[in-house]
1. Among 133, 57, 97, whose mean-square fluctuation peaks in a Gaussian network model of the chain (Cα, cutoff 10 Å)?
2. Quick check: pseudo-label points 7 Å beyond the Cα along Cα→Cβ at residue 9 and residue 137, how many nm apart are they?
3. On C-alpha positions alone, give me the angle between the axis of helix 21-31 and the longest principal axis of the chain, in degrees, nearest 10.
4. Just to confirm my numbers, what's the Cα centroid distance between the range 62-83 and the range 88-145 in Å?
5. Of the candidates 55, 108, 30, which one comes out as most mobile in a Gaussian network treatment of the chain with C-alpha springs shorter than 10 Å?
6. Which one, 132, 58, 32, has the greatest fluctuation when you compute a Gaussian network model over the chain with C-alpha springs under 10 angstrom?
7. Would you calculate a helix-derived [θ] at 222 nm for the chain, using -39,500 (n - 2.57) for each DSSP H run of n ≥ 4 and dividing by the full residue count, to the nearest 500?
8. For the chain, find the longest principal axis of its Cα atoms and tell me its angle to the long axis of helix 53-71, 0 to 90°, nearest 10.
Amino acid sequence: LKRESRFAVVDASDTGAPLSFDDVWRYAVELKPDLLVIDGLHLLAGNDPKKSGWEVLKEGSASLKALAQQERLVVLAAHQPDRSAARRKEMLVPPGLSQVGYGFGVVESANRVISLSRSPYDDQQRLFAVLKLRGARDINRHRVLHFDPDVGAIYELDVEAPSDF
């Protein structure tokens with residue numbers, strides 16, 4: 001897909017330095033995507049080397065929210081849990097909001113926070129919970145996804161309508 005004109009991929013190997021939140025903003029304005037995907041939010045650099053990781057990510061997350069609103073695009077960012085979530089037995093429970101890497105500042109600006117973990121039942125399943133769903137009720141109990149990205153098959157199993165639907 002990298003050869004497709006509708007699909008742009010930018011990473012640190014293209015720039016020769018770590019990408020920053022400012023770089024993301026600049027590329028988004030230039031390339032005008034409908035969907036901006038950031039794989040590894042914690043890998044983006046800040047502009048002030050004196051700031052700690054959580055400060056960089058808090059400011060960067062707010063910057064991404066402003067970018068999404070200004071450019072009318074969807075921003076999907078993957079992030080990591082903190083060490084307490086990683087220490088749990090094989091990460092079989094989706095991490096909670098208190099286990100987001102670098103603190104709650106990362107998810108403060110988000111409209112949705114979806115937590116994902118391995119399933120103990122099947123290698124092609126993942127457990128997920130929607131920990132934050134601005135404008136609606138959160139889905140705190142875990143649900144199950146069929147997860148086979150190699151063939152493009154990612155869908156929820158055993159979908160249940162809410163009892164108050």
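Bear in mind that the values in this text are calculations on the coordinates, not laboratory data. The model shown is predicted, which means the values in this text are computed figures rather than measured ones. Methodologically, a virtual Cβ is constructed for each residue, glycine included, from the backbone with ideal geometry; neighbour enumeration extends over all protein chains shown.
1. Of 133, 57, 97, the most mobile in the Gaussian network model is 133.
2. Using points 7 Å along Cα→Cβ, the separation is 4.1 nm.
3. It works out to around 80 degrees.
4. The range 62-83 and the range 88-145 have Cα centres separated by 16 Å.
5. Answer for the Gaussian network model of the chain: 30.
6. Highest fluctuation among the options: 32.
7. -7000 deg cm²/dmol
8. Its long axis makes an angle of about 80 degrees.
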